[in-house]
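No value in this document is a laboratory result; all are computed from the given coordinates. Everything numeric in this text was worked out from a predicted model, so none of it was measured. Every residue, glycine as well, gets a Cβ built from its backbone with ideal geometry; the counts of neighbours run over all protein chains shown.
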Amino acid sequence: MARQSRREFLERSMFAAAAAATGSQFIEPRAARAQSTSPNERLRVAVIGVNGRGQSHLFEAGGFTNRKDCEVVAICDADEQVGQTRGVAAVEKKTGKKPAYYQDLRKLLEDKSIDIVTIATPNHWHALAAIWAIQAGKDVYVEKPVSHNVSEGRRIVDAARKHGRICQTGTQCRSMAGTIAAIEYVQSGKIGDVKLARGLCYKSRGSIGARGVYDVPASVDYDVWCGPAPMHPLTRPKFHYDWHWQWDYGNGDLGNQGIHQMDIARWGLGVDDLGRGVVSYGGRFGYEDAGETANTQVSVFDYGDKTLVFEVRGLKTSPYKGAGVGVIFHGSNGYVVLASYDGGAAFDLAGNKVQDFKAGGDHYGNFVDAVRSRKPADLRADILQGHLSSALCHLGNISYRLGEPVPLADVRSHLEATRPAAEALETFERFSGHLAENHVDLEKHPIQFGARLALDGKAETFTGPLSDKANPMLSRDYRKGFVVPQAAEV
Ligand SMILES: NC(=O)c1ccc[n+]([C@@H]2O[C@H](COP(=O)([O-])OP(=O)(O)OC[C@H]3O[C@@H](n4cnc5c(N)ncnc54)[C@H](O)[C@@H]3O)[C@@H](O)[C@H]2O)c1
């Protein structure tokens, strides 16, 4: 163990003062274990949430049991069955070493020997888990979307900066050499002026089953699982994963698959605030079930002379310009299509392919390198980028949720006020054609047309009409004991 350095001494004094001021239980930084920047010392990793994505954190190529530079020493899952089987037992089988198990992350975070915490819980927990971990002196890899609402994403950024922690967002495309090359190509002017980026999340999703009152699995600590969200009875048949489609916990496919493509679209456009305005429309079409989020949704983000259009389609559909889940950058001389996680291709205006972009990368490795260098600038997906792109998804959903059913005949006049109008109308024609192909009658099931909201994109607040309704939706009412700290308290 290295002797306490002057920097650590200063950090400890600062955090002790902060702890006294805020009453935070996790405020003492990485005091017990001076984190090594030596590549020879293995970093001690805890994974929180191991059912789905947490399996990738643990076991996929580059994941933490596959890294010579890391050791998975703890597993935390609110579902003991999942934590013990898919976490503890699976890690022991793979590595020969049994990690500790925690059902409650507050207990895990008391372990000062842990360097890194990775978070693959449902969305409503991301920000609080990340902030608590940062306050406890850990470096954090947090899944996308990094937040459940706009305000709490900004709080993670504040906390990471204040406590000098490394915080990576789980948008792994940012580390793919093919994606990086495609973005450089777009930004180099090779397809001319790029004023429009289109994100696509065409991903078929069926009904999640009838709304009802269901039993929470006995192995789940439901108080911990709900955390910052209200502790309502369970209303969906399948406990895990399907929370994505209920507003208390998830953000629909816009904030699920869509955040990856939203992030690439915003990155390529080169915009680094929340823009000037948003409007979003759609519905949950084709079935009635326990889900609440839109399964078909168009969101238009106004960046002045640039526009980002995002389309979610959860019913059966064909790709658009070769992309189902993807991003298209429309330039004055051509366009670039990213239709996979690791790259895409550039085309001229006639549709001839002029360049391929394909190659993988190691997002976890990029995070570990930054943990060693202690430089957030080394991160490919620093928390600030994760926050901004997650926030766009939340803005789209806020507009949509403030919307009202609009008769089909009136939709066009709503769209004509959306800039650029030609693009908005073209997208709507394809949107309504797609629903017609799926036998959705928009006269019987009208479109929910969202509020047209103006923004101060730097201040991350709504301005103008309806801001009194929209601004409270930038945050939420937190349950006692699970409150995301406000700016001054992070
Ligand atoms: N980067 C990617 O490509 C990618 C892919 C899939 C999922 N994800 C993200 O990963 C997250 C998890 O998704 P999933 O599909 O694994 O969901 P899931 O519901 O299958 O698994 C979440 C797990 O977290 C556990 N959990 C809930 N609250 C907890 C808490 N407070 N402490 C500890 N454990 C807790 C649950 O019990 C469950 O086992 C989501 O935010 C999702 O957006 C990212």
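Things to note:
- Residue-averaged [θ]222 nm for the chain, counting only DSSP H segments that reach four residues, each worth -39500 (n - 2.57): -9000 deg cm²/dmol
- The chain: angle of helix 383-401 to the longest principal axis, Cα-based, in degrees nearest 10: 40 degrees
- Against the chain, whose longest principal axis comes from its Cα atoms, helix 123-135 is set at around 40 degrees.
- For GluC sites (Glu not before Pro), the sites in the range 50-129 that DSSP calls loop and that have at most 14 other Cβ atoms within 10 Å are E60, E110.
- A dipole drawn for the range 259-397 from +1 and -1 charges on Cβ atoms has a positive end, and of G334, A290, L274 the residue lying farthest that way is G334.
- The chain: relative contact order as a whole-number percent, Cα under 8 Å and 6+ apart: 18 percent
- Here is the list for the range 343-409: trypsin sites (Lys or Arg not before Pro) lying in DSSP coil, each with at most 13 other C-beta atoms within 10 angstrom of its C-beta, are R374.
- Per-residue ³J(HN,Hα) for the range 165-171, Karplus 6.51 cos²θ - 1.76 cosθ + 1.60, θ = phi - 60°, Hz, x for Gly and Pro: 9, 8, 9, 9, 8, x, 9
- Cross-link table K68/K93; K68/K162; K144/K203; K93/K138; K203/K321, entries beyond 20 Å C-alpha to C-alpha: K68/K162; K93/K138
- Taking N as the residue count of the range 92-221, its C-alpha radius of gyration divided by 2.2 N^0.38 Å amounts to 1.40.
- Stretching Q486 away from D223 to a fully extended chain increases their span by 92.4 nm, per 0.36 nm per residue minus the current alpha-carbon distance.
- Fraction of alpha-carbon pairs over 15 Å apart in the range 261-347 - percent: 64 percent
- Note on the range 404-471: the C-alpha convex hull projects to 5.5 nm² when averaged across all orientations.
- For the range 288-387, size of Cβ-based charge dipole, Lys and Arg +1, Asp and Glu -1, in debye: 320 debye
- Size descriptor, Kirkwood hydrodynamic radius, that averages inverse alpha-carbon separations across the range 156-279, Å: 18.1 Å
- Low-density loop positions, trypsin sites (Lys or Arg not before Pro), the range 64-97 - DSSP coil, at most 13 other Cβ in 10 Å: K68, K97
- Helix 363-373 and the long axis of the chain differ in direction by around 50°, with both axes built from C-alpha atoms.
- Volume per residue that the Cα convex hull of the range 173-230 spans, once the total is divided by residue count, Å³: 229 Å³
- Rg over Rh, two decimals, the chain (C-alpha only, Kirkwood Rh): 0.97
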